[in-house]
Amino acid sequence: MYYAKPINGEKGSYYYHVSKVYETFENELKETLKYLTPLLNRCGETPEQYEQKMKIAILMHDFGKLNCNFQEVMRTIIRGEKVNKKYHFRHELLSFYYMLPFAGEWKKQKADFGYPLFAVISHHKQIDQRFDSFEREFNKKNWPLLSNEEIEYGCKLLDEYHGIRPQIPLNTESFPLTIKLILENIFSLLSMEERGAFKTISRYDLRLLYAIAKGQLQYCDWMASSEEEIRKYTLTQDELIQRLKKKLEEEGRTYVERPFHKKCAQAQGDVIAIAPTGSGKTEASLLWAAQFDSKKIIFCMPTKVTSNSIYERMKKYYFNPKVCGLSHSGANTYFALQENDALPSFTLLHGKALIPSVMVSTVDQILTSGFNSTLWGLKEYALINSTVIFDEIQSYDTFTLALITQTIKKIKTLGGRVMLMSATFPKFLLKHFQDLLDIEKPIIAEELMDRKSNTWRYIEKNLEDIRDEIEEYLQQGKKVALVVNDIETAKREYDYWHEKNESLRVLCLHSEFTMEDRMKKEALLLEGSKDYQLVIATQVLEVSLDVSFEIMFSECAPIDSLVQRAGRCNRHLEFENSEFIVFDPSEISIKYVYKDSRAILEKTQTILKLKQKKLAEREIIDMIEEVYDGFDIYDENYEEGLQLYQNIADELFIFDLPIDEKLATRRFDIIKVAIIPTIFKEKVEELYAEKEYAKIPLYEVPVTYSKYRRWIAATRVEDEQCPLPFCEVEYSAERGIKYDDSPSII
């Protein structure tokens, strides 16, 4: 018996595995091929050609495993013995080699560049332009070529499932192997500039075709290997309404059908939805999504916290948890903290690859697929016939909006549909996406536009001068929040109020806490805990948490940020006399935090001073329009983002982004460095020794690169046994890191 997996018996056999992969592929092809037709047409391929080539790729992706070295490795592992390294050889390279006769035939077609071969050679390892992943193999003088008997065994699967062999016989005598031959074939297949047929086909489209082929092969291989059935979500609009009613009953509220929800439920195509905070936008998006027979629903959120929150809501109230997945940079740690932290590794990997049929992720996880970075083929494949919901679309800079724009075009190319949601949709942004999606009118929650939640007030004073007023509200027993624009100001205010009245229950929240401490603070806020009287926070409060305060003081910021902050004041209309009070921005805000949007900040101040009253939602939207009147989305950052994906296609094409190279999805993200305060050193060393790596980020603190270089780098503690970024800094769960002197910038 020939093995594909180190499993004794039939399930470890080559025949069993390849057959399972092929069966999965046939099912996938039925679901996806019609949605790929527009892309195939643009690439000069027919659906029939794609199907034929991918069948061969599927049946031959593990052809190289039939070599004697691989078979010896499998038998050795099954016996429980140690494998001799001399037998190691990447089987994908041999699979690629034995597919070359097919490539010779495909080259006769109009515009083929051998994408199925490259899908095969890269289905386990990343490939760069020098093929460093196969350096060991290229340095070997003798390759473990397949015997004629092994070749014939592999070809029987071609006969059984496909019925076509290449015109050149697959045997060692007639098809001699040299390294030069391999390299010549690799680069001749990719030398598109020399071939006139490619002049009318964009490299961008060809790259996407390769990504889809690679993603489809990887998906089928993973599914066959894991023996795990990927369940399709099931949810009708009627079922959703019943589950929503139950959710509201548990919260002590009553379901009332809103015109906004009804309009979303009836919208057939792409949608732009505008509704204030607390209007049930998430449920409206589900009502819209439930009507389509899509392959998956993908929620794209602006932050990890919002992603976690929506993921919990999906699996608790609306879907079987087994169909739900979560993907962001901290997902492994998030799952490691759950009561049942023994999730199978492939389940975590499935989430990273956007495989579950209901996915919640940060928007970055989809955007990075265009960078040719980790699992990018699987992520591109996940977009086929997908229903994608972009929440809080207004929260992104113009660079990121360009990447989102390009991604939406890709989703549409692959047969998907899109909903964009926001409480604040400036006209420049609305027009951009209306033109992109050919939407005549957005769906607006008109029934809520006259709602008045808070009295808006502007105080021409700095932070120190409003402390007396904050104290007055605290003495009245009001639930108060203070939002400032930088971390060090938040820390200083925490120190002030804590020293002034040690009995006052103050909660300080910003990004410079360990993940464990920040999650505890966020949980307290979400639970509506009475363990605090005053919350002092930075911008992390804007789009992250479903919390509500009676009184909110906010340092002045651009109007869209202020509207998001105000959305956390009297969020559920539970207070009668709630106030949103804005005070003057600090010099740090003007010089550093909002240095690139100073004009917007100044216009915000001017307009707010004229709008001091209890504002209706439509009046708030009018304010946003006044501030952003004349704003141009198509600035140099937008153009940079627009060009980035094309540059990737032109320069990298099908090759992976080098591991040591990182590309950002957000132009104005401040570069941060993760450190571990030495007070956690013993605990982290214990986790490291026990290989509980997913829990180590719980004790990391992200700090800006400028702070790290100025105050922290010199405190680094080297540990050869545990090579992690331990630093001798003073840290507390109440305020975060304390520096030797007071930083003047964020």
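Pairing the Cα long axis of helix 427-437 with the longest principal axis of the chain, what angle in degrees results, from 0 to 90 and rounded to the nearest 10?
Roughly 20 degrees, rounded to the nearest 10.
Based solely on C-alpha atoms, express the radius of gyration and the Dmax of segment 237-448 in angstrom.
Every Cα atom of segment 237-448 included, Rg and Dmax give 16.6, 49 Å.
Read phi for every residue in segment 371-376 and hand back ³J(HN,Hα) as whole Hz from Karplus 6.51 cos²θ - 1.76 cosθ + 1.60, θ = phi - 60°, with x for Gly and Pro.
Going residue by residue, I get 8, 6, 10, 2, 6, 5 Hz, with x marking Gly and Pro.
Would you mind pulling out the separation of the Cα centroids of segment 504-525 and segment 660-728, in Å?
19 Å
Kirkwood Rh, segment 452-628, all Cα pairs: how many Å?
16.3 Å
Taking only Cα atoms, what is the 0 to 90° angle, nearest 10, from helix 515-526's long axis to the longest principal axis of the chain?
The angle comes out near 50 degrees.
Would you mind checking which residues have amide H under 5 Å from Phe513's amide H? H placed 1.01 Å from N; only 5 or more apart, or other chain.
none
Could you tell me what fraction of 2.2 N^0.38 Å the Cα radius of gyration of segment 10-226 comes to, as a two-decimal ratio?
1.01
Where the centroid of each part is defined by its Cα atoms, how far is segment 139-158 from segment 235-257 in Å?
What the calculation gives is 60 Å, centre to centre.
Pairs of alpha-carbon atoms within less than 8 angstrom and 6+ residues apart define the contacts here; what relative contact order does segment 235-297 have, in percent?
The value is 40 percent.
If you average the sequence gap of Cα pairs under 8 Å that are 6 or more apart and divide by the length of segment 7-120, what percent do you get for the contact order?
The value is 26 percent.
Plugging the Kirkwood radius over Cα pairs into Stokes-Einstein for segment 14-122, at a temperature of 4 °C and a viscosity of 1.567 mPa s, what D comes out in µm²/s?
83 µm²/s
So which trypsin sites (Lys or Arg not before Pro) in segment 565-619 end up in coil per DSSP with only 12 or fewer other C-beta atoms within 10 Å?
Sparse-neighbourhood loop trypsin sites (Lys or Arg not before Pro): Lys613.
Expressed as a rounded percentage, what relative contact order does the chain have, with Cα pairs under 8 Å and six or more residues apart?
13 percent
List the residues, sorted by chain then number, that are 5 or more residues from Ile444 or on another chain and whose placed amide H is less than 5 Å from its amide H.
Ile274
Can you tell me the 0 to 90 degree angle between the C-alpha axis of helix 487-500 and the longest principal axis of the chain, rounded to 10?
40 degrees
Of the trypsin sites (Lys or Arg not before Pro) in segment 432-499, which ones lie in a loop per DSSP and count no more than 16 other C-beta atoms within 10 Å?
Arg451, Lys461
Counting other Cβ atoms within 10 Å, which trypsin sites (Lys or Arg not before Pro) in segment 680-732 have at most 16 and lie in a DSSP loop?
Answer by residue number: Lys691.
Please label the shape of the chain as rounded, prolate or oblate, based on the square roots a ≥ b ≥ c of the eigenvalues of the alpha-carbon gyration tensor (a/c under 1.5 means rounded; beyond that, a/b larger than b/c means prolate, else oblate).
Prolate, because a/c is 1.5 or more and a/b exceeds b/c.
Each reported figure results from applying straightforward, stated rules to the coordinates on display, with no laboratory input. Every value quoted in this text rests on a predicted model; they were computed, and no experiment measured them. Here Cβ is always computed from backbone atoms with ideal geometry, including for glycine, and neighbour counts include all displayed protein chains.
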